[in-house]
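These notes are about the structure you will find just below.
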Amino acid sequence: MTDQIIIRGARTHNLKNIDCTIPHGTLAVVSGVSGSGKSSLAFDTVYAEGQRRYVESLSAYARQFLERIEKPDVDLIDGLSPAIAIKQKNSTRNPRSTVATATEIYDYMRLLWARCGVVHCVICDGVVKRDTVDEIAEAVLGSAASKDEMSGQTEGGIHREDPKDARIQSDSPQRTQRAQGEGLPEGTRLHAIFPVTPSSRPAPAAETAPEDERPSARSRRVPKKATKKAGASQLADELRERLTDLRKRGFNRLYQGGRIFEFSTPESLLEINFALPVFVLVDRIVVSPENRARIVDAAEIGYREVGEILFEIVPRENDEVERERLRFSAAFECKNCHRLYREPEPRLFSFNNPFGACPRCQGFGNTIDFDLDLIIPDKSKTLDQGAIDPWNRPKYRSYFTELKKAARQHGIPMDVPWYDLLPDQQSFVLDGCGEFIGVHGFFEFLERKKYKLHVRVMLSKYRGYALCPECKGQRLRAESRAVRIGDGKCTKNICEAASLTIRAAKEFFEGIDLTPMQEEIAGSILHEIQQRLYFLDAVGLDYLTLDRLASTLSGGESQRIQLATSLGSRLVGALYVLDEPSIGLHTRDTAKLIR
């Protein structure tokens, strides 16, 4: 390939046999008066021929899906590179598209939060994680802190039972305080135990669970209550089968309240109170580095049987302190309230996917609802003067009559301006009481009649866009917003990061320190985000926020975003054709664009 583009006999549109050469690897400007053929040369000749040659290089099967491009009216074009055209036009009308999605930054952010984010409980804000057997051993033996520094995913290896947990109140109502990540003193005696029956953990609340995981109406039906006697008999049979199965598989000891009961002496089992939690004793261990393998084995046994393992600290003789339990779980659950969660995945952070979108606004960030400012346009009017606009219509005047009747009964003044009414009085008018249905009840009644055209027209006059009350405009469900990334106090969920300006986001992502393990998993992802933010900042778009809707951008902003996206892909040897990229820019921004 030559070091320049050679054009001979260009006659596209109003060009008259133009001959010219454009050197490669330089910034070439095509200038002239309006109508002189600048766009005809740059777009309709150079770019069109480059695009046509690229399409012609594809297979016949692939070409059938692409638009056919006519050959420009030119005698010769030589030395042409693959061409990319960026016009000064904002053609994005998708209400979901943002600056972050248009530049593919959001796709990388979803990957980063899914791979390196710390999940928090939507109920109690506790850390959600699963404990590995190696973490259990390190936590018990006292080196959990260094382990957590490597993983960056936990806040300490030891997770103590919540005193409010009904399963452990009877055995250990009090807990001694120990620093997170601090191991147990060497020589401490432990009982490794697991519950006879798997612990029942609360699932995520129905209103915060994804649509495909919510219980159906059929599954929510409560069956008829069985008699207490039948229920107790069924539980006894299940417990008997469970104990028989445990004994067949080699478990010989039960544990309750600090006492050990042997299967070999059945009479001792009579002393067990099966109304309280009963545990299986796996091993009796003394904390020592030499016993690491036994700790790991006990954890694996507990995980295999019920998915959890407990280490109860045996107090010294004549020591009256309550027994402390360290609990570890193989489930991905909150370490405070033991609520189960699913591990995060990229689709959880997408507002274009039902799995991650806010169930109230469907990922738009706002809802179409009845606007009080349209229903009561003049708040200086009294109720007698017709403050409720829809009830001023002759067809619905009867509702105003009901309002006056209800107001007399409940002492609501009709001659006081709306903005001077007390909150309780305004709530009465809006929500109703007794036979008076109120403004909201009136619109609910009309909703059932909207199959009629005039009712739909009527309803549309009082609707408007409002910020989603559930996600507050952040577009994602609660589980998505509970995953955070950052160090110390500077932790953000993906919505908070997307609300930053490009310059602030650039500083935030540059300040994220990944552990060696995270660097191996997501180092390239973080680098891609930083590179794209750098290009957006370099072309003078540092003032835009990442969650800015693409449909609200000007033509120049949209063009520079497309340019930054193309530069971020780091194509080599490509020919970029830009349509007046510096129009409307300040001199300092023009210099940034050229650089």
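Cβ crowding within 10 Å, taken as a proxy for footprinting-reagent exposure, orders PHE370, PHE194 from fewest neighbours to most as PHE370, PHE194.
Mind putting a number on the dipole of segment 320-468 about its Cα centre? Charges go on the C-beta only, +1 for Lys and Arg and -1 for Asp and Glu, and I need it in Debye to the nearest 20. Intermediate results must be reported in sequence, preceding the final value.
On the way: 23 positive and 20 negative charges, 160 e Å.
Here segment 320-468 has a charge dipole of around 760 debye.
Shape class of segment 479-551 from the Cα gyration tensor (axes a ≥ b ≥ c, square roots of the eigenvalues): oblate, since a/c reaches 1.5 or more and a/b does not exceed b/c.
With the Kirkwood sum run over all distinct C-alpha pairs, segment 301-399 has a hydrodynamic radius of 20.4 Å.
Taking every C-alpha pair closer than 8 Å and separated by at least 6 residues, the mean separation divided by the residue count of segment 321-389 gives a relative contact order of 13 percent.
Using the Cβ-Cβ distance between ALA28 and SER554 with R0 = 30 Å, the FRET efficiency computed as 1/(1 + (r/R0)^6) comes to roughly 0.75. Our estimate of slack between ASN94 and LEU239, defined as 0.36 nm per intervening residue step minus the Cα-Cα distance, is 46.4 nm.
Work out how much length VAL457 to CYS433 would gain on full extension: take 0.36 nm times their residue separation and subtract the Cα-Cα distance, in nm to one decimal. Contour length minus the Cα-Cα distance gives 5.9 nm. When the Cα positions of ILE368, ASN352, GLY386 are compared along the charge dipole of segment 339-408, GLY386 comes out farthest toward the positive end, with charges on each C-beta of Lys, Arg, Asp and Glu. Rounded to the nearest 20, the size of the Cβ-charge dipole of segment 456-595 about its Cα centre is 740 debye, with Lys and Arg at +1 and Asp and Glu at -1. Here the peptides 79-88, 343-352, 59-68, 532-541 are ranked by packing, the mean other Cβ count within 10 Å, and the order with the highest first is 532-541, 343-352, 79-88, 59-68. Here the simple spin-label model places points 7 Å from the Cα toward Cβ, and for LEU467 and TYR419 these points are separated by 2.0 nm. With the charge dipole of segment 501-595 set up from +1 on Lys and Arg Cβ and -1 on Asp and Glu Cβ about the Cα centre, the Cα lying farthest toward the positive end among the listed residues LEU553, ILE594, ILE521 is that of ILE594.
With a Förster radius of 22 Å applied to the C-beta separation of SER524 and TYR54, the computed FRET efficiency comes to 0.20. Magnitude of the charge dipole for segment 446-535, about its Cα centre and with charges confined to Cβ atoms of Lys, Arg (+1) and Asp, Glu (-1), is about 1360 debye.
Between ILE437, LEU476, MET458, the Cα set farthest toward the positive side of the dipole of segment 437-476 (charges on each charged residue's Cβ, about the Cα centre) is that of MET458. The distance between label points at THR501 and THR197 comes to 6.0 nm (points 7 Å beyond Cα on the Cα→Cβ vector). Computed from backbone phi with θ = phi - 60° and the Karplus coefficients 6.51, -1.76 and 1.60, the 3J(HN,Hα) list for segment 127-142 is 6, 10, 6, 10, 9, 8, 5, 5, 5, 4, 4, 5, 5, 5, 8, x Hz; x is used for glycine and proline.
Straightening the chain between ALA538 and ASP134 buys 140.8 nm, computed as 0.36 nm per residue apart minus the Cα-Cα spacing. Taking a virtual spin label 7 Å from the Cα of LYS71 along the C-beta vector, which residues in segment 1-15 bring their backbone nitrogen under 16 Å of it? Those under the cut-off are 8-12.
For the pair THR401 and GLN362, a Förster radius of 30 Å applied to the C-beta separation gives a FRET efficiency near 0.15, rounded to the nearest 0.05. Each of SER31, SER57, SER566 was scored by other Cβ atoms within 10 Å of its Cβ. Arranged with the fewest first, they read SER31, SER57, SER566.
Where does each of PHE274, PHE509, PHE311 land when they are ranked from fewest to most other beta-carbon atoms within 10 angstrom? Write down the numbers at each step before the final one.
Values: PHE274 13, PHE509 21, PHE311 28.
With the sparsest Cβ surroundings first, the list reads PHE274, PHE509, PHE311.
When the alpha carbon coordinates of segment 1-106 are projected onto the principal axes, the ranges are 46, 39, 27 Å, largest first.
Any read-out appearing in this document is the output of simple, stated calculations on the displayed coordinates, not a laboratory observation. Please read these numbers as outputs of a predicted model, since none were measured by experiment. Note: ideal-geometry Cβ built from the backbone for every residue, glycine included; neighbour counts use all protein chains shown.
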